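Each remark here refers to the structure printed beneath this line.
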Amino acid sequence: MTESGTAETKTESRDVSARGIYFFLPKQIEEGSPLEIVINLPREIALDGRSRVHCKGYVQRAEVIEVNRIGVAARIESYEFLQGNENERRLSVCD
């Protein structure tokens, strides 16, 4: 948890597009929750060297895959490419 009451975690994604992302969390999250996500792009995709993208959006759907593994589909509302020296950010779930 951060001082603002948000939780941060590292996770893996299964699908990513310009409008959405599907990823996994260890615990349930409410539909409609706002999110901030930083995606590390593979070198094959980030040809111009900007390999991190900061996204803002919200949870559209959350489903239990197994114990301590929740699949989350999130809609991306906006994003920006981060420069190399910007502070490291992770998935943030805003309460």
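Within the range 13-31, the set of residues being farther than 11 Å from Val72 by Cα and not hydrophobic (A, V, I, L, M, F, W, C) comprises Ser17, Arg19. I need a count of the residues in the range 53-95 that are among the aromatic types (Phe, Trp, Tyr) and at pLDDT 95 or above. Looking only at that region, the number is 1. With respect to (1) of a type outside the set (S, T, N, Q); (2) at pLDDT 75 or above; (3) open to solvent by 100 Å² or more (accessible area, probe 1.4 Å), the lone exception for Arg43 is condition (2). Within the range 11-40, being modelled with pLDDT under 85 and within 19 Å of Val67 (Cβ to Cβ) holds for Thr11, Glu12.
The values are calculated or read from the model by the stated rules, or taken from the named source; none is laboratory data. The structure displayed is predicted, hence computed values, not measured ones. A quick note on method: Cβ atoms are made from the backbone with ideal geometry, for glycine too, and the neighbour counts reach across all protein chains shown. We work out accessible area using only protein heavy atoms, side chains counted, and drop any ligands, DNA or RNA first. Shrake-Rupley method; radii C 1.70, N 1.55, O 1.52, S 1.80 Å.
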